[in-house]
Every structure is written in structure tokens, then in C-alpha cells.
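Participant: Structure provided below as C-alpha cells; questions to follow.
Quick note: the coordinates plus some simple rules give every number you see, no bench work behind them. No experiment lies behind these values; they were computed from the predicted model shown. Reconstructed Cβ throughout: ideal geometry from the backbone, glycine too, with neighbour counts over all protein chains shown.
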Amino acid sequence: MTKPHSPFGQVCRFLAGLSFFIIIAAVVIQLVGRNLLDDSPLWTEELSRFGLLFLTAFGLGPSLRSGDLVNVDLFCEGLKGRKPWILRLVSATVTALFCALLLGPAWQFTAIGSIQTSPALGWRMDFIHVSMLIALVTLLAYAAARIVGMLRGTTDGLSDQMYTEDA
């Protein structure tokens, strides 16, 4: 998974792209409804919110690998010696631990959704709440891959963006 085109990464990117497409379609329907018709369908706002949740869920892990998440590289990389590597390892470890700790509550949150439905679409909310579980799993998987790669020496924990900026 430390490779940019791993199967897990490709699935995450495809599903993030599909979520983005759903958002675009919902917003276009909403705009057409508001500007060309008298009113837009109510379900378009709800669908765009759901799409945003899944876009985030599937995009978090790949964003950690690519360096698109918020980083403090300016501070970390300005340190001398092995300190930047240690901070990257600590950061990935803390991220993985938080994700692991939140898996149980995310599962409970998802289970609660089975007795709820969305107001406009009428969908069971556990199908929507599972996006939080997916977000934690993808972020945990990528953080764990970074930790393992750093400890094995196959990566130094720098994001893909750091490599492209140096080249």
C-alpha cells in the first residue's frame, strides 16, 4: 500500500471519484431545478451531503500518502538529524492509534443508523453512517502502512508530494 498504485489505493481513488461524480450530478440537478424549473428536488441536497461524506471517507487514506492532508512539514523538516523521521513516525503512530480507538464508537454510530432513515431519500442511515467507519479504516490502513514501511526501511515516511517537490 506504500506504492502509489496499490489495489487498495486504486479502489479508494475510484470510489472517491464516484462520490465526487454523485455530488456533481446532484448539484447539476439542483441548479437546473432552481434556474429552469420552479423548484429543485429536495433529495439533491441530501444526496450531495452523503456524497461528500463518502468522498471524504474514501479520500482520507490516499490523502495521507500523497501529502494532501494538513502537515507541519515546515517545522518538522527544518529539524536536524533523525528528528524529522522520528516526528513522522510518531505522527503516523498517533494517527493509527486514534483511528483504532475510534473504530468501536464508529461501529456503534453505524449500528444506530439502522433504526433511522434519511428524511428526503428515505435511505437507512446505517448505509450513510458507515462512511465514518470507512474513513477510519482507510486512514488507519495508510497510517499503518507508513509505520511498517518506516520501520522496515522501505520508506522514510515522506509523502509523495515531498518527493515530487525535491525532484
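Participant: In what order do 156, 126 fall by count of nearby beta-carbon atoms within 10 Å, going from fewest to most?
Facilitator: Numbers: 156 14, 126 17.
In increasing order of surrounding Cβ atoms, one gets 156, 126.
Participant: Per the Cauchy relation, a quarter of the hull surface: what is the mean projected area of the convex hull of the alpha carbons in region 7-166, in nm²?
Facilitator: So the mean shadow area of the Cα hull is 11.8 nm².
Participant: Next up: As I understand it, the value is the acute angle between the Cα axis of helix 126-152 and the longest principal axis of the Cα atoms of the chain; what does it come to in degrees, rounded to 10?
Facilitator: Relative to the chain, helix 126-152 is tipped by roughly 10 degrees.
Participant: While we're looking at this one, here's another question. For the pair residue 103/residue 10, report the inter-label distance in nm, with labels modelled 7 Å from Cα in the Cβ direction.
Facilitator: According to this spin-label approximation, the distance is 2.6 nm.
Participant: So how do 42, 52 line up by other beta-carbon neighbours within 10 Å, fewest first? Working shown, then result.
Facilitator: Numbers: 42 13, 52 16.
With the fewest neighbours first, 42, 52 line up as 42, 52.
Participant: Kirkwood hydrodynamic radius (Cα pairs, Å) of region 1-95? Mind showing how you got there, number by number?
Facilitator: Values: mean 1/r = 0.0625 Å⁻¹.
In region 1-95 this quantity evaluates to 16.0 Å.
Participant: A further question follows. Using only Cα atoms, find the angle between the long axis of helix 7-35 and the longest principal axis of the chain, and express it within 0 to 90 degrees, rounded to the nearest 10.
Facilitator: Roughly 30 degrees between the two axes.
Participant: If you don't mind, another one. For a Förster distance of 30 Å, can you work out the FRET efficiency between the beta-carbons of residue 152 and residue 70, rounded to the nearest 0.05? Please report the intermediate quantities before stating the final value.
Facilitator: On the way: r = 26 Å, r/R0 = 0.88.
Taking R0 as 30 Å, the efficiency between residue 152 and residue 70 is 0.70.
Participant: Determine the calculated [θ] at 222 nm for the chain from helices alone, applying -39500 (n - 2.57) to every DSSP H run no shorter than 4 residues and normalising by the residue count; nearest 500 deg cm²/dmol.
Facilitator: Numbers: 6 runs with 121 residues, N = 167.
Dividing the helical sum by the residues of the chain leaves -25000 deg cm²/dmol.
Participant: Whole angstrom only: what separates the Cα centroid of region 2-55 from the Cα centroid of region 108-132?
Facilitator: Centre-to-centre (Cα) distance: 18 Å.
Participant: How far, in degrees from 0 to 90, does helix 43-66 lean away from the longest principal axis of the Cα atoms of the chain, to the nearest 10?
Facilitator: Between the helix axis and the principal axis of the chain, the angle is about 10 degrees.
Participant: So what is the relative contact order for the chain, in percent, with contacts set as C-alpha pairs under 8 Å and at least six apart? Could you put the intermediate results ahead of the total?
Facilitator: Numbers: 198 pairs, mean separation 44.1, N = 167.
Worked out over the chain, it gives 26 percent.
Participant: Sticking with this one: Name all residues of region 34-48 having a backbone nitrogen under 11 Å from the label point set 7 Å from the Cα of residue 121 along its Cα→Cβ direction, giving them as ranges.
Facilitator: Zone members listed by number: 43-48.
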